[in-house]
Amino acid sequence: MTAPLAATHTDGVASASFVEKRPLEQYVAPAKPSLVGLSRGALAEALGAIGVPQRQHRMRVQQIWHWLYVRGAQEFDEMTTLAKDLRSALAQHFTLARPEIAAEQVSVDGTRKWLLRLPGEVDSRPHEVECVYIPEADRGTLCISSQVGCTLNCTFCHTGTQRLVRNLTPGEIVGQVVMARDRLGDWTPTNELHPPLKGGGDHERRTRLVSNVVMMGMGEPLYNFEAVRDGLNVVADGDGLSISKRRITLSTSGVVPNIARTGTEIGVMLAVSLHAVTDELRNELVPLNRKYPLRELLDACRDYPGISNARRVTFEYVMLKSINDSLADAKALVRLVKGIPAKINLIPFNPWPGSTYECSDWEQIEKFSEVVFNAGYASPVRTPRGRDILAACGQLKSATEKLSARERLALRAMAMTD
Ligand code: SAH
Ligand code: SF4
């Protein structure tokens with residue numbers, strides 16, 4: 001029997017023995033729904049609902065798909081391959097709305113962070129989630145959210161302290177990518193469309209600014225499985241946004257029953273937030289471990305559909321000073337993942353006001369990384385980006401819980417001293 005979980009939070013949210021909070025499932029959908037994020041099937045249904053004859057569905061869906069996801073149309077009137085009547089019928093019943101941008105910040109290192117406003121419950125304030133763009137020499141990675149807040153309560157994670165949780169819809173998931181392409185001017189211009197692009201995939205003729213997507217923002221994606229699956233399948237569609245599944249990574253804290261489904265129903269790259277090499281410590285850092293312990297989690301990784309040396313599972317490991325960063329931990333880590341085609345990502349802990357952990361010393365991270373490297377694993381240390389705008393991992397926290405001026409100052413001070 002497992003011992004009762006010790007209270008891990010000090011903010012009054014946590015009772016003594018909980019693994020997860022419950023999400024709010026209701027929100028007020030906009031009166032006029034947006035077509036952004038609908039699957040082809042749902043788009044055909046929407047056309048049917050406004051009287052488009054069924055025999056036209058396939059072609060109209062193809063045309064609208066192209067305008068939405070290749071050209072980034074923001075108004076139905078841009079869709080010049082559709083008859084005027086159809087355009088106005090569409091405009092009467094639907095929108096092309098993306099998540100509303102409440103704020104945009106650009107870091108000195110080029111990282112961009114958007115605060116997005118999403119509809120809330122009846123009579124409640126709108127929700128907010130964050131989305132971050134990280135440009136690098138050979139790629140541009142968009143970090144997107146799957147939930148407002150998170151039902152889980154990892155002790156080192158700022159998002160976990162947020163009380164309110166709601167699942168994002170597929171439209172809100174796809175909408176983050178569409179919004180980023182809007183803001184970055186990352187759509188295919190008309191002069192690149194002759195002959196029309198077909199199944200762009202990885203063979204896009206120009207490098208996209210948003211070339212990679214990681215589901216590592218707010219929320220536990222495998223607790224919002226269907227919406228994440230449907231949304232990511234739209235993001236990966238080769239005739240649309242065309243971000244190949246090899247360039248999409250989903251990070252989970254270890255929702256074992258949905259790991260195999262992620263491989264078969266989505267087919268994206270898998271990252272697992274490991275963070276500890278014993279159940280005892282992982283129970284504390286990632287309380288979900290009490291439900292799905294290490295052994296089951298590692299078995300699910302070993303059996304991940306499509307796993308190979310070319311498609312490795314990434315293990316994320318946050319470096320917490322004197323908690324999980326000893327060289328014995330490093331050795332145990334390589335023993336634990338033995339036999340699994342794996343990469344190991346060491347993440348320096350990003351402190352936040354009220355957090356009780358410290359980031360491991362740089363020297364210790366280097367020594368730890370050497371052990372992992374000598375065991376044959378690439379062990380890049382993920383450099384925190386955008387710290388001046390609080391965009392680094394685990395610091396995504398919605399403004400629904402406003403930071404006090406003092407907290408803001410403290411955070412800024414931390415960013416500056418890094
Ligand atoms: N819920 C999912 C995905 C979002 S968190 C998950 O837990 O995997 C994305 C990554 O950031 C996870 O590996 C998470 O453990 C890590 N993370 C969370 N808080 C952090 C912090 N304060 N410092 C560094 N990494 C953190
Ligand atoms: Fe949720 Fe992931 Fe944060 Fe854990 S680390 S609380 S699963 S967002």
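Among the residues making up region 172-193, a single one is assigned to a loop (DSSP other than H, G, I, E, B) and among the acidic types (D, E): D186. For region 78-91, residues that are assigned to a helix (DSSP H, G or I) and free of Cβ contacts under 8 Å to residues at least 12 places away in the same chain total 4. So how many residues does region 59-71 have that are within 21 Å of V174 (Cα to Cα) and without any contact (Cβ under 8 Å) to a residue 40 or more places away in the chain? Count: 5.
Looking at region 68-90, can you tell me whether even one residue there is in contact with a helix residue (DSSP H, G or I) (Cβ under 9 Å, 6 or more places away or on another chain), under 30 Å from I347 (Cα atoms) and surrounded by 23 or more Cβ atoms within 10 Å (Cβ to Cβ)? The answer is no, given that none of the residues of region 68-90 is in contact with a helix residue (DSSP H, G or I) (Cβ under 9 Å, 6 or more places away or on another chain), under 30 Å from I347 (Cα atoms) and surrounded by 23 or more Cβ atoms within 10 Å (Cβ to Cβ).
Among the residues of region 110-125, those that are crowded, with 16+ Cβ neighbours inside 10 Å and out of contact with any Phe, Trp or Tyr (no Cβ under 9 Å at 6 or more places or on another chain) comprise L115, L116, R117. Evaluating I259 against the criteria (1) farther than 22 Å from T151 by Cα; (2) part of a helix (DSSP H, G or I) leaves one unmet condition, (1). So, of the residues in region 289-323 that are in a helix (DSSP H, G or I) and touching an Asp or Glu at 6+ places or on another chain (Cβ under 7 Å), which turns out to be nearest to ligand 1 (Cβ to nearest atom)? So, considering only residues that are in a helix (DSSP H, G or I) and touching an Asp or Glu at 6+ places or on another chain (Cβ under 7 Å), the one nearest to ligand 1 (Cβ to nearest atom) is N289. Go through (1) more than 15 Å from ligand 2 (Cβ to nearest atom); (2) more than 30 Å from V235 (Cβ to Cβ); (3) among the hydrophobic types (A, V, I, L, M, F, W, C) and name the single condition A276 misses. Going through the list (1) more than 15 Å from ligand 2 (Cβ to nearest atom); (2) more than 30 Å from V235 (Cβ to Cβ); (3) among the hydrophobic types (A, V, I, L, M, F, W, C), A276 breaks only (1).
Yes/no matrix, rows are residues, columns are (1) more than 19 Å from the chain's Cα centre (by Cα); (2) modelled with pLDDT under 70; (3) more than 16 Å from ligand 1 (Cβ to nearest atom):
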site: P353; (1), (2), (3): yes, no, no
site: D361; (1), (2), (3): yes, no, no
site: K367; (1), (2), (3): yes, no, yes
site: V371; (1), (2), (3): yes, no, yes
site: L390; (1), (2), (3): no, yes, no
site: K397; (1), (2), (3): no, yes, no
site: S404; (1), (2), (3): yes, yes, yes
site: L409; (1), (2), (3): yes, yes, yes
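Among the residues of region 213-239, what is the count of those that are within 16 Å of ligand 2 (Cβ to nearest atom) and either touching a His at 6+ places or on another chain (Cβ under 6 Å) or of a type in the set (D, E, K, R) (or both)? Count: 1. Looking at this structure, is S244 within 11 Å of ligand 1 (Cβ to nearest atom) and either more than 23 Å from N309 (Cβ to Cβ) or of a type in the set (S, T, N, Q) (or both)? So S244 does not fit the description; no. Taking region 110-152 as the range and being within 12 Å of the chain's Cα centre (by Cα), aliphatic (A, V, I, L, M) and within 16 Å of ligand 2 (Cβ to nearest atom) as the test, the residues that pass are V129, V132, I144, V148.
With respect to A342, is the statement that it is among the small types (G, A, S), closer than 26 Å to R261 by Cβ, away from ligand 2 (no atom under 16 Å from the Cβ) and surrounded by 15 or more Cβ atoms within 10 Å (Cβ to Cβ) true? The answer is yes for A342. If the Cβ limit is 6 Å and pairs must be 6+ apart or interchain, which residue in region 18-35 that is surrounded by 17 or more Cβ atoms within 10 Å (Cβ to Cβ) pairs with which residue that is among the β-branched types (V, I, T) and at pLDDT 80 or above? Pairs that qualify, where the first residue is surrounded by 17 or more Cβ atoms within 10 Å (Cβ to Cβ) and the partner is among the β-branched types (V, I, T) and at pLDDT 80 or above, are K21/T151; K21/V165; P23/T151; P23/V165; S34/T95.
The values are calculated or read from the model by the stated rules, or taken from the named source; none is laboratory data. Being a predicted model, the structure only gives us computed values, none of them experimental. As a convention, Cβ positions derive from the backbone with ideal geometry for all residues, glycine included, and neighbour counts pool all protein chains shown.
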